[in-house]
Amino acid sequence: MPMSDYFTATILIATVASGIRLATPFLLASLGESLGQRSGVLNLGVDGVMLLGAFGAYYAVLQTGSLMLGVIVGLLIGTFMGLLYAFISVTLQAEQGVSGIGIYLFGLGMSDLLFQKLVGTPRPIVPFPPLKIPLLSDIPVIGEMLFEHSLIVYMAFALVPIATLVITRTTYGMNVRAAGENPEAADSLGVSVSAVRYSTSIIGNTLAGLAGAALAIELGIFQQNLTNAMGFIAVALVYFGAWRPIGVMAGSLVFGIVASIVLQCKTVGIIPRSASDLAAMAPAVITILALVVVASRFHQPAALAKPFVREG
Amino acid sequence: MNRFGSRHLLPYFIPACAVLAALLIGAMMLAALGASPLKGYGVMISAAFGSLDGLSTTAVKSIPLLLVGVGICIAFRANVINIGGEGQMVMGALFATVASLAFPHLPAFALLPIVLLAGAMGGALLGAVPGALKAYFNVSEILSTIMLNIVAVQIMNFLLRGPLIDPGEIMRGTRIPQTARLSQNADLPMLFEGLRMHAGVIVALLAAVAAYILLWRTSLGFRLRSVGLSPDAARYAGIPVRRSIIIALAFSGAMAGLAGAVLVFGSESHRMVTDGSSTGFTGSAGFNGIVVALFAGLHPLWSIPSSLLFGGMLVGANALQRAVQVPSALVIALNGLIVVFVVSSEFFRRRSRPQPSEESLRLAPSTQAGWEAVVDPPVGLKRFSGTNEREMNAHE
């Protein structure tokens, strides 16, 4: 059979649709991370928080059958970890490049520990039902690609314009940017740099917890190291997107769709399994190249990863 | 000033407190999981350190931790944060594996050094790339090393499922992604009859001593540390900052690569196997090495006891699983807490030492260097940020 026959419209639609689904956890986590970085807080522990959120959500759904409760548990775990991380990095001024690795290891070990102790053998849960948006989902091709997803996918993408508005048009957003670019100046104008950074760390980690919940419920399963470094990629996507929500979304979609193409090619058998490993590293290579471009064109928040110490 | 005053003891005391605090939380977790904390820790200690057999297993488990940790010491001292230990280990192991497959019939005295060197080279290459990206393109090495972890894992999966796979796996149709049993001439020799301790222990100890000499007894090490303490001052002193960053990351990667090679040739199966993830091969040593180095105050020699402690925790964790049915993942979580506590305790350490200007004195390479420098992580590490890099490029 000629190769071109595989690329029928159905496969294209399925690939894009699953790409959007796969992009969702990336998008949620990196939107949260970008908010934190805008205020000067680098959080490398996203992957650990995602794992904890994923396990919490999975376990809650397994016990109660309520997807809503699962999402809430994921959110709350993220919120708690955000508070903890803010205490470590803002109050105790720990080196952020390293403390995040501690959070990652904690999440990696803790989620595995709880999973083995409380669940043991993997049992599937019912994933999110797709939610067809009336009228829009009836549009041919596009409707199937974009408007037959679960609620959490819509939520994640709806957050992009909201985050852009909040960062660029509100007082809170201005305070966040000030805390990240020039905390001394912000402080002299009466903005509490600590309070701003606490808030962004909490919101950011809450989104990371939600990203974990979205991942676990989307896949309908939990296992050791479920995220497999997705959280680290989410951090890189913030640089990829040059700290702008819209750029972060573009980066997430690239990762999601590339992952989906690799998956699709593997199942259809276009490329052998071994070569699909090479294809799977394409997003990482793309990100490194993007980092080179971004580093020369954009500048990161000037006070990123620098604890703010008030003089006097 | 008083050598034995609290100002000198405190820096040693604080990391110890951090570990104690983590162990305390571990005890609470054990209790919450329905196991007696005393019994749990007792089992861990006796499994790891209570017998010759346990000690030798602990030593073997400590090898990759020590090697990666020593590499982390070099990188962090030069103010570059190397999160790429996992990938560098994988790459080192792949280079070493390919080397042993290329010359399987060389005698052991020639083949062993070749495979170890190949491992170090593989890690160094993967370390030099983010170094160059940081030095010349101002790309944060934290991110590029993380990305290269992913790249290295996929290369490993590709090679072990394809070109390097054991021909027997294809014949049997099982296709387990692993190499054939590698040349016996590259086996790391056992040190004692009946114990699991192999020559990798010596490799790791030599590497720790070599790193100590490099950092405090050579001009290259002096340059690396100067760059870590203050890139600006280093540049005004005529030190090539960019090259130093690349060298630091390459050395750091070489140590991790060596760890990967030792893992393959000291393993019981003497093959390289993948389960598709980097942790499956490294056992997270690329990350846990950071814990070892931080706990050792970024000093290669202190990293030796530090790696034994954390290696012992890994051995103890397995015993814990058997004795009180608490999954060994507990130890990974505890390691994470220790990292968090150690870096958070910097806060108290800084407050106990109010005059930062003194740190610059420690740049003097002769008398001030050595063990006294143990207690001071590079100033630059604390204020690591993009601005240093930008200023750096502006000046050059």
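The values are calculated or read from the model by the stated rules, or taken from the named source; none is laboratory data. The structure displayed is predicted, hence computed values, not measured ones. Every residue, glycine among them, receives a Cβ derived from its backbone with ideal geometry; neighbour counts consider all protein chains shown.
Going by what's in this entry, would B:Val129 be described as more than 18 Å from the chain's Cα centre (by Cα), more than 25 Å from A:Ala280 (Cβ to Cβ) and in a helix (DSSP H, G or I)?
No; evaluated as a whole, the condition is false for this residue.
Need pairs with beta-carbon distance below 7 Å; first residue not in a helix (DSSP H, G or I) and within region B:236-265, second not polar (S, T, N, Q); sequence gap 6+ or separate chains.
As it stands, the answer is B:Ile239/B:Arg223; B:Ile239/B:Val227, since those pairs meet every condition given.
Give the number of residues within region A:117-143 that are surrounded by 14 or more Cβ atoms within 10 Å (Cβ to Cβ) and either of a type in the set (D, E, K, R) or touching a Ser or Thr at 6+ places or on another chain (Cβ under 9 Å) (or both).
Matching residues across region A:117-143 total 7.
In region B:148-162, how many residues are over 17 Å from B:Gly280 (Cβ atoms) and modelled with pLDDT of 90 or more? Give the steps one after another, and end with the answer.
Of region B:148-162, the ones over 17 Å from B:Gly280 (Cβ atoms) are B:148, B:162.
Filter once more, so that each one left must be modelled with pLDDT of 90 or more: B:148.
Number of matching residues: 1.
Yes/no matrix, rows are residues, columns are (1) within 14 Å of another protein chain (Cβ to nearest Cβ); (2) surrounded by fewer than 20 Cβ atoms within 10 Å (Cβ to Cβ):
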| site | (1), (2) |
| --- | --- |
| B:Ala108 | no, yes |
| B:Ile114 | no, yes |
| B:Leu143 | yes, no |
| B:Ile155 | yes, yes |
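Here's the yes/no breakdown for (1) away from chain B (no Cβ under 14 Å); (2) out of contact with any Ser or Thr (no Cβ under 7 Å at 6 or more places or on another chain); (3) part of a helix (DSSP H, G or I); (4) modelled with pLDDT under 85:
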site	(1), (2), (3), (4)
A:Phe255	no, yes, yes, no
A:Ile270	yes, yes, no, yes
A:Val293	no, yes, yes, no
A:Ser296	no, yes, yes, yes
A:Pro301	no, yes, no, no
A:Ala305	no, no, no, yes
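Can you run down the residue pairs with Cβ atoms below 6 Å, 6 or more apart or on separate chains, where the first is in region B:304-324 and free of Cβ contacts under 8 Å to residues at least 24 places away in the same chain and the partner is among the small types (Gly, Ala, Ser)?
B:Gln321/B:Ser328
Residue by residue through region B:160-181, note down the ones that are touching a helix residue (DSSP H, G or I) at 6+ places or on another chain (Cβ under 6 Å) and within 12 Å of another protein chain (Cβ to nearest Cβ).
B:Arg161, B:Gly162, B:Arg175, B:Pro177
Give the number of residues within region A:113-132 that are on the phi < 0 side of the Ramachandran plot, more than 7 Å from chain B (Cβ to nearest Cβ) and free of Cβ contacts under 8 Å to residues at least 40 places away in the same chain.
Within region A:113-132, residues that are on the phi < 0 side of the Ramachandran plot, more than 7 Å from chain B (Cβ to nearest Cβ) and free of Cβ contacts under 8 Å to residues at least 40 places away in the same chain number 5.
Assuming A:Ala280 fulfils every condition listed in (1) farther than 28 Å from B:Ile176 by Cβ; (2) without any contact (Cβ under 8 Å) to a residue 40 or more places away in the chain; (3) within 14 Å of chain B (Cβ to nearest Cβ) apart from one, which condition is it?
If we test A:Ala280 against (1) farther than 28 Å from B:Ile176 by Cβ; (2) without any contact (Cβ under 8 Å) to a residue 40 or more places away in the chain; (3) within 14 Å of chain B (Cβ to nearest Cβ), just (1) comes out false.
Within region A:99-112, is even one residue outside any helix (DSSP H, G or I) and within 14 Å of chain B (Cβ to nearest Cβ)?
For region A:99-112, residues outside any helix (DSSP H, G or I) and within 14 Å of chain B (Cβ to nearest Cβ): absent.
Matching residues to (1) surrounded by fewer than 17 Cβ atoms within 10 Å (Cβ to Cβ); (2) not in a helix (DSSP H, G or I):
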site	(1), (2)
A:Pro161	yes, no
A:Tyr172	yes, no
A:Gly180	no, no
A:Ala186	no, no
A:Gly190	yes, yes
A:Ala208	no, no
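Being surrounded by 23 or more Cβ atoms within 10 Å (Cβ to Cβ) and either more than 9 Å from every other protein chain (Cβ to nearest Cβ) or in a helix (DSSP H, G or I) (or both): is that true of A:Thr227 here?
yes
Examine region A:136-159 for a residue that is within 14 Å of chain B (Cβ to nearest Cβ) and assigned to a loop (DSSP other than H, G, I, E, B), and state whether such a residue exists.
Among the residues of region A:136-159, not one is within 14 Å of chain B (Cβ to nearest Cβ) and assigned to a loop (DSSP other than H, G, I, E, B), which makes the answer no.
Kindly indicate whether any position in region A:202-218 is modelled with pLDDT under 95 and not aliphatic (A, V, I, L, M).
Looking through region A:202-218, at least one residue is modelled with pLDDT under 95 and not aliphatic (A, V, I, L, M).
Being within 30 Å of B:Arg175 (Cβ to Cβ), within 12 Å of chain A (Cβ to nearest Cβ), in contact with a helix residue (DSSP H, G or I) (Cβ under 6 Å, 6 or more places away or on another chain) and among the hydrophobic types (A, V, I, L, M, F, W, C) is true for just one of B:Ala333, B:Ala329, B:Ala293. Which residue is that? Spell out how you get there, then give the answer.
On the way: B:Ala333 fails: within 30 Å of B:Arg175 (Cβ to Cβ); B:Ala293 fails: within 30 Å of B:Arg175 (Cβ to Cβ).
Just a single option satisfies the conditions, and that option is B:Ala329.
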